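Written out below as structure tokens is the structure these notes cover.
The values are calculated or read from the model by the stated rules, or taken from the named source; none is laboratory data. Just so we're clear, the structure is a prediction, and the values are computed from it rather than from any experiment. Heads up, the Cβs are rebuilt from the backbone with ideal geometry, glycines too, and the neighbour counts pull from every protein chain shown.
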Amino acid sequence: MENITFSKAELERYSRHLIIPEFNIEGQRKLKAARVLVVGSGGLGSPLLLYLAAAGVGTLGIVDFDVVDESNLQRQVLFGREDVGRPKVEAARDRLQSLNPHIQILTYNTPLTSDNALDIIKDFDVVADGTDNFPTRYLVNDACVLLDKPNVYASIFRFEGQASVFNFRNAKGEPGPNYRDLYPTPPPPDLVPSCAEGGVIGVLPGIMGSLQANEVIKVITGVGEPLSGRFFLFDAASFETRILKIRRNPKNPLNGEHPTQTGLIDYQDFCGVGQADESPQGQVKSITVQELQKLRESQADFQLIDVREPYEYEIAHLQGDLMPLGQLDAHLDKISSSKQVVVHCRSGKRSAEAIRHLEQKYGFANLYNLEGGILAWADQIDPSLAKY
Amino acid sequence: MITYQIRLFGIAREIVGQSWLAWETEKPLRAGELQAALQAHYPDLGRLASLLLAVNAEYAQGDEWLQPEDELALIPPVSGG
């Protein structure tokens, strides 16, 4: 850390940090050496990036695929009128570099996906999640757990904000809780609206994103007590605050007592986004839920395989043989190659992938995809089944 | 008769239509039983596979017995940014 030095201009710029006894030049050195990735440069990302750049975080990464829209300016204070129509990462880089020329800005003008997340995140020390949708929230969380990075989290809805520091290792090296300990599975996509659909009071992301920036600085410098193992709730309408104590959940699929998920998954499918409007089920043989019901009633000799995760099975199941998609190859001996085999998942997407894999790699020819998955079964056959 | 007072956040408030809910029962409930009763009574709450119930500023594990004076809050996930 001693090899991190500051110019006269930097020392003057950061002087209000340097004179805080417990922060001092050591804290400033840690900030300059740090690499922080901010995912999403919207409402939360704006104050996050502005304050982290101003504070002197040495390397700031920004992931966003969007362009600045007029309706962003109500809360995304990083941007001005002249930025409307520009890629957000470009407008952000210009603004931040003009605020602080002593730091390095890395931009990723792309959506964060299961294909690029590990590659992008691996080179950073801390991730700050300012995204605006459930698939990316779960993706960021899972990638941080898999890569062992702290995830400084905040999320907003109308007048309400939530914040925590997830997956933070304490002095003893023990990891703190992560998002999956609180919310193992996402809500149905039609139930919890985004800011675009549900609205948000403009100053709220300013408050919550500033809290996030403060937590990022604490995590980097070791000054203070990070919001790990605690969950902060704020209702800006009634001005109520709550801090909940949270714990790790032994059933966490990523780092609980019996982890079942060892890599990233398809988060669009996991969160039920875009199902039915694409045709990922093409090319494999399929049957409808009505046909499956007839098969069952006729007492036909067939096998039903469920390729979802065990925690999804807990929510609702069709008594299929559970073989999570990621572990199919380990269960080969349990898949019949002679009788008819029906494969299902939540929406039909993962099961189609499973069938393609088994056909191409092992030459199975007796596999049928259940169209619409267990969701279609709940809709059309058994309404008592929980949909998730 | 026991009455539990529950503060509702996010979409739980939208579903129930108010920010506080008084829930009456014949006998004392465990945290998980109260959550299940609420989710059965409000079908859209039942569709939230992950729903956080806080008991006295702590994430409930489900098996703790509830007292009428307990501070209860139902906190669904939010995703905005």
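Some notes on this structure:
- Verdict on A:ASP306 being modelled with pLDDT of 95 or more, in contact with a His (Cβ under 8 Å, 6 or more places away or on another chain), surrounded by 14 or more Cβ atoms within 10 Å (Cβ to Cβ) and not aliphatic (A, V, I, L, M): yes
- Filter pass, B:ILE15 being buried (at least 19 other Cβ atoms within 10 Å of the Cβ), more than 15 Å from A:LEU233 (Cα to Cα), within 13 Å of chain A (Cβ to nearest Cβ) and touching a residue at least 12 places away in the same chain (Cβ under 8 Å): yes
- Scanning the range A:141-167 for residues that are surrounded by fewer than 23 Cβ atoms within 10 Å (Cβ to Cβ) and farther than 22 Å from A:ASN116 by Cα, we see that the one that is nearest to the other protein chains (Cβ to nearest Cβ) is A:ARG158.
- Residue, nearest to A:ILE220 (Cα to Cα), within the range A:1-42, restricted to residues that are in contact with a His (Cβ under 6 Å, 6 or more places away or on another chain) and not in a loop (DSSP other than H, G, I, E, B): A:GLN28
- Test: residue in the range A:357-365 that is crowded, with 23+ Cβ neighbours inside 10 Å and touching a residue at least 60 places away in the same chain (Cβ under 8 Å): no
- The residue that is modelled with the highest pLDDT, among those in the range A:266-284 that are assigned to a loop (DSSP other than H, G, I, E, B) and under 19 Å from B:LEU48 (Cβ atoms), is A:CYS271.
- Screening the range A:156-254 for helices (runs of 4 or more DSSP H) wholly inside it with 3 or more residues that are more than 24 Å from B:ALA12 (Cβ to Cβ) returns the ranges A:203-221.
- A:VAL341 being surrounded by 16 or more Cβ atoms within 10 Å (Cβ to Cβ), under 27 Å from the mean Cα position of the chain (by Cα) and without any contact (Cβ under 8 Å) to a residue 60 or more places away in the chain: no
- Out of B:LEU29, B:LEU34, one residue alone is closer than 23 Å to A:ALA316 by Cβ and either of a type in the set (A, V, I, L, M, F, W, C) or at the interface with chain A (Cβ under 7 Å from one of its Cβ atoms) (or both). It is B:LEU34.
- Restricting the first member to the range A:94-109 and to residues that are among the polar types (S, T, N, Q), and the second to residues that are in a helix (DSSP H, G or I), the beta-carbon pairs closer than 6 Å and six or more apart or on different chains are A:ASN100/A:ALA53; A:THR107/A:VAL89; A:THR107/A:ARG93; A:ASN109/A:VAL89.
- Residues satisfying the stated conditions in the range B:41-81, i.e. within 11 Å of another protein chain (Cβ to nearest Cβ), surrounded by fewer than 16 Cβ atoms within 10 Å (Cβ to Cβ) and of a type in the set (S, T, N, Q): B:ASN56, B:GLN61
- Among the residues of the range A:50-72, those that are of a type in the set (A, V, I, L, M, F, W, C) and either touching a residue at least 24 places away in the same chain (Cβ under 8 Å) or in contact with a helix residue (DSSP H, G or I) (Cβ under 6 Å, 6 or more places away or on another chain) (or both) comprise A:LEU50, A:LEU52, A:ALA53, A:ALA54, A:ALA55, A:VAL57, A:LEU60, A:ILE62, A:VAL63, A:PHE65, A:VAL68.
- Of the helices (runs of 4 or more DSSP H) entirely within the range A:310-388, those holding at least 1 residues that are at negative phi and in contact with a His (Cβ under 7 Å, 6 or more places away or on another chain) occupy A:349-362, A:373-380.
- Restricting the range A:98-136 to residues that are assigned to a strand (DSSP E or B) and crowded, with 20+ Cβ neighbours inside 10 Å, the residue that is nearest to the other protein chains (Cβ to nearest Cβ): A:ASP129
- Strands (runs of 3 or more DSSP E) lying entirely in chain B (those with 1 or more residues that are of a type in the set (Asp, Glu) and modelled with pLDDT of 95 or more): B:20-25
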